[in-house]
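A short write-up of the structure that comes next.
The values are calculated or read from the model by the stated rules, or taken from the named source; none is laboratory data. Keep in mind the model is a prediction, meaning the values are calculated, not measured. Backbone-built Cβ (ideal geometry, glycine too); neighbour counts: all protein chains shown. What goes into the accessible areas is simple: the full protein's heavy atoms, side chains included, and nothing from ligands, DNA or RNA. Shrake-Rupley method; radii C 1.70, N 1.55, O 1.52, S 1.80 Å.
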Amino acid sequence: MNSQTGSVGAHSASGTRYRPGDVLRLECPFSEVTVTAASQFHVSLRWPWWEVDTAADGIEWNGDIALPTSADHSWGDAYFRTMPQEDFLKVGDRCLVGIPPTVVHVLAVHRFDPPLATGWLPRPASYLDVLRQGESYDAGIEELGYQFDPVGGEPIQLELLFRPFAFLEIGDEVVDRDGRAWKFDAPWCWHPFDGGRPSTPAWPLDLIFREGEPTPEAVIAVAAATATGRHADELARWVELTHAEPLTPA
């Protein structure tokens with residue numbers, strides 16, 4: 001991860017604060033582009049959504065983005081697709097490029113202050129790391145998933161399908177039905193204050209800390225949201241949408 005400031009916290013984009021665990025529908029409408037180079041393994045397209053950043057010190061970008069053909073081992077992992085398919089394109093062809101509707105879940109959020117110099121404009125102030133439906137995090141795979149700027153030049157559209165524990169904020173502290181105190185660091189990442197065996201809190205939950213003393217409205221909202229149901233229901237809904245295993249602490 002080439003980041004000046006990294007974070008797994010929430011991110012604000014178009015009024016939505018994305019955070020790890022979010023399940024999204026991702027799509028980029030198809031736009032017409034020109035093929036500038038073609039080989040057995042890649043085709044290069046004149047990217048229509050970015051501009052060359054002439055002020056990027058030591059970084060030169062020629063305005064093209066290379067996409068794999070089916071002969072390349074990474075073709076199945078690519079998010080952007082062309083119509084016609086990459087294999088049938090040659091230099092000078094006009095084609096469409098975009099991302100078909102894809103269900104993903106957010107693995108991590110990264111912020112950059114100042115925005116990251118990449119060689120193109122706009123410079124990203126943040127990235128989302130996402131895994132597509134059916135993919136689970138695997139520490140043994142170096143280049144798993146897709147990283148993108150949610151508010152960059154590409155007209156990527158994001159729809160929030162599900163947020164596990166949407167009634168909580170990262171860093172909240174709660175007391176569960178059994179009197180155990182917990183800190184909520186991220187979905188599937190709960191830390192008990194009693195030093196006991198990590199597991200999951202028993203609902204209902206009583207909110208005791210949210211960046212200080214929580215507001216009465218926040219306390220009521222958490223109590224109401226956990227008055228019925230259980231932790232396992234949140235997990236079941238997430239797995240149903242992602243077809244993946246949740247990222248849990250080691």
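Observations
- Subtracting the Cα-Cα distance of V52 and D185 from 0.36 nm times their residue separation leaves 44.0 nm of extension gain.
- Between the alpha-carbon centres of the range 64-91 and the range 113-165 there is a gap of 20 Å.
- Residue of S126, S199, S136 that the Gaussian network model of the chain assigns the largest fluctuation, springs spanning Cα pairs under 10 Å: S199
- Note on the chain: with a GNM built from Cα contacts shorter than 10 Å, the maximum mean-square fluctuation among H73, H191, H110 falls on H73.
- Fraction of accessible area attributable to carbon and sulfur, the chain (%, probe 1.4 Å): 52
- Prolate/oblate/rounded label for the range 69-147 (Cα gyration tensor, a/c 1.5): oblate
- On a per residue basis, the range 158-219 carries 53 Å² of accessible surface, using protein heavy atoms and a 1.4 Å probe.
- Note on the chain: GNM, Cα springs under 10 Å; of L107, L67, L24, the largest mean-square fluctuation is that of L67.
- Its residue count N sets the reference 2.2 N^0.38 Å, and the alpha-carbon radius of gyration of the chain equals 1.19 times that reference.
- Computed Kirkwood radius, in angstrom, where 1/r is averaged over Cα pairs of the range 191-250: 13.6
- Over the chain, relative contact order from alpha-carbon pairs under 8 Å, at least 6 apart, %: 20
- All-pairs alpha carbon distance profile, the range 153-245, 10 Å steps from 0, percent: 15, 46, 27, 9, 2
- Axis angle, to the nearest 10 degrees, between helix 231-242 and the longest C-alpha principal axis of the chain: 10 degrees.
- Rounded to the nearest 10 degrees, the inclination of helix 216-225 to the longest alpha-carbon principal axis of the chain is 80 degrees.
- Cα gyration tensor category, rounded, prolate or oblate, for the range 86-228 with a/c compared to 1.5: prolate
- S199-M83 FRET efficiency (beta carbon distance; Förster radius 45 Å; 0.05 resolution): 0.40
- Accessible area expressed per residue, the range 36-124, with surrounding protein chains retained (probe 1.4 Å, Å²): 52
- Whole-Hz Karplus values for the range 99-116 come out as 10, x, x, 9, 7, 9, 10, 7, 8, 7, 10, 10, 10, 10, 9, x, x, 6 Hz, taken residue by residue from phi with 6.51 cos²θ - 1.76 cosθ + 1.60 and θ = phi - 60°; glycine and proline positions read x.
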